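Here is the structure we will look at.
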Amino acid sequence: MIDSKSPKISALTRDKTSVQNPFVHSAPPSKAWNLSHLDVPTYLMCPPLSYNTSTPNNIWMEDLDDLERKVDDKKAARQFQALYQFLSSRGVVQLLPVPSNCGLQDLVFTANLGIVLEHLPARDTVVISNYDSRPRIGETEVGVRFFQSMGYKTIVPSTKFEGEAELKHLYDNVYIGGYGLRSQRETYDQFEEQFDMKIIKVRESDPYLYHLDCSIFPLTYEKTIVCTDLLSTSEIKKIEAVTEIIDVSRDEALPGLCNSVRLGNYLLNGSHIHELKKGTENYRLELAKNRKLEDIAADNGFELALFNLSEYQKGGAALSCMVMHLNRVSYQYRLI
């Protein structure tokens, strides 16, 4: 789809002369100051105006029947608002406009929309996702138009990639990238060549933990929470060489332990434990996950904040899926 003479990664815009080939070079946006330069934690969220679960596109959704998967729109709005209010009270939250009648059921999950390359000094480059999931393909153009309007350079890889949920920044130019289910290893080879990045590549094979944010969460510049059950010995050694690992089990990762977001000295995570029946396996897993997070928070000087996001679990998502970082100020110092 990209001309062979073009670089491996190309800007994306709508080519009015050929709708079938939207992957073409676009003029760079006019120089503009963007939100990534704010000196406070800054995030991108999207209100759940188009959110629905009509098309199952992951195993969590497939495990539910149509009635179990049906979204309570009012409850979903309340749950979104609670998370939005907490983040915006201690940082800046930019809301992604939802195009009318867009039919994009997963647009609310902005962590998959792309990633701001934190190690680039200008912080003006956003890699927009090239989705493998069919219901999400239309999000690419929404992301390109939005970020260009905000003064960012937008890049879309020629290979599959699903955003910040698959690529975790540790520090400097060091990242961890997940591939195998939704993203391709070749994408990270392109990133390393074009953007002077060092990416530790880890293979994903567990269908229930199908993005990297399900198994890896950078806690500080020095420590990273990792579900080593899912990694090979060589992958673990490569990660150990660049960060201290806080190990968690698959049982702890499965209910979303690694799907956390850091806001200064707060760790944010989703938990619907009060909706679960005591004595069930789901209750046991959720309780164990929360207790492990409490221990990690206490050991590292963080405070844990839990949010009920049960309506979004119907879409196979957790808290980190709903938040895209526009900067990493939270990792520079802690908030009071």
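The values are calculated or read from the model by the stated rules, or taken from the named source; none is laboratory data. These numbers were taken from a predicted model, which means no experiment stands behind them. We place every Cβ from the backbone using ideal geometry, glycine too, and count neighbours over all the protein chains shown.
Looking at the stretch 121-135, which of the residues that are in contact with a helix residue (DSSP H, G or I) (Cβ under 9 Å, 6 or more places away or on another chain) and farther than 16 Å from T42 by Cβ is surrounded by the fewest Cβ atoms within 10 Å (Cβ to Cβ)? Per the criteria, the residue is S133.
Here are some residues: R291, R284, R262. Which one is surrounded by fewer than 21 Cβ atoms within 10 Å (Cβ to Cβ), of a type outside the set (F, W, Y), under 16 Å from the mean Cα position of the chain (by Cα) and within 30 Å of D72 (Cα to Cα)? Give the derivation first.
Values: R291 fails: under 16 Å from the mean Cα position of the chain (by Cα); R284 fails: under 16 Å from the mean Cα position of the chain (by Cα).
Answer to the check: R262.
Within the stretch 163-176, does at least one residue satisfy the condition of being at positive phi, in contact (Cβ under 8 Å) with a residue 40 or more places away in the chain and surrounded by 18 or more Cβ atoms within 10 Å (Cβ to Cβ)? Taking every residue of the stretch 163-176 in turn, at least one turns out to be at positive phi, in contact (Cβ under 8 Å) with a residue 40 or more places away in the chain and surrounded by 18 or more Cβ atoms within 10 Å (Cβ to Cβ). All of (1) of a type outside the set (A, V, I, L, M, F, W, C); (2) part of a helix (DSSP H, G or I); (3) more than 19 Å from T243 (Cα to Cα) hold for D213 with one exception: (3).
Just checking: which of the strands (runs of 3 or more DSSP E) contained wholly in the stretch 70-176 hold 3 or more residues that are over 23 Å from R203 (Cβ atoms) and not acidic (D, E)? Talk me through it step by step, then tell me what you get.
Details: elements: 92-95, 114-116, 125-128, 153-157, 167-171.
Hits in the stretch 70-176: 92-95, 125-128, 153-157.
Of all residue pairs spaced 6 or more apart or on separate chains, those with beta-carbon atoms under 8 Å, a first member in the stretch 321-332 that is in contact (Cβ under 8 Å) with a residue 40 or more places away in the chain and a second member that is charged (D, E, K, R) and assigned to a loop (DSSP other than H, G, I, E, B) are H325/E118; N327/E118; N327/R123; R328/E118; V329/D39.
Hey, does the stretch 190-210 have a residue that's part of a strand (DSSP E or B), within 22 Å of N265 (Cα to Cα), touching a helix residue (DSSP H, G or I) at 6+ places or on another chain (Cβ under 9 Å) and at pLDDT 95 or above?
In the first step, residues of the stretch 190-210 are kept if they are part of a strand (DSSP E or B); the result is 198-203.
Still in the running and within 22 Å of N265 (Cα to Cα): none.
No, the conditions are met nowhere in the stretch 190-210.
The set of residues from the stretch 51-68 being within 22 Å of the chain's Cα centre (by Cα) and either in a helix (DSSP H, G or I) or charged (D, E, K, R) (or both) comprises I59, W60, M61, E62. G151 meets the conditions (1) on the phi > 0 side of the Ramachandran plot; (2) buried (at least 24 other Cβ atoms within 10 Å of the Cβ); (3) out of contact with any strand residue (DSSP E or B) (no Cβ under 6 Å at 6 or more places or on another chain) in every case but one. The failed one is (2). Would you confirm whether any residue within the stretch 308-330 is over 29 Å from F147 (Cα atoms), modelled with pLDDT of 95 or more and surrounded by 15 or more Cβ atoms within 10 Å (Cβ to Cβ)? Yes, there is a match, as at least one residue in the stretch 308-330 is over 29 Å from F147 (Cα atoms), modelled with pLDDT of 95 or more and surrounded by 15 or more Cβ atoms within 10 Å (Cβ to Cβ). Evaluated against (1) in contact with a strand residue (DSSP E or B) (Cβ under 8 Å, 6 or more places away or on another chain); (2) surrounded by 18 or more Cβ atoms within 10 Å (Cβ to Cβ); (3) without any contact (Cβ under 8 Å) to a residue 60 or more places away in the chain, L181 falls short on exactly one condition, (1). Quick one: would you say T140 is within 26 Å of E240 (Cβ to Cβ), at pLDDT 95 or above, of a type in the set (S, T, Y) and surrounded by 20 or more Cβ atoms within 10 Å (Cβ to Cβ)? No: the conditions fail for T140.
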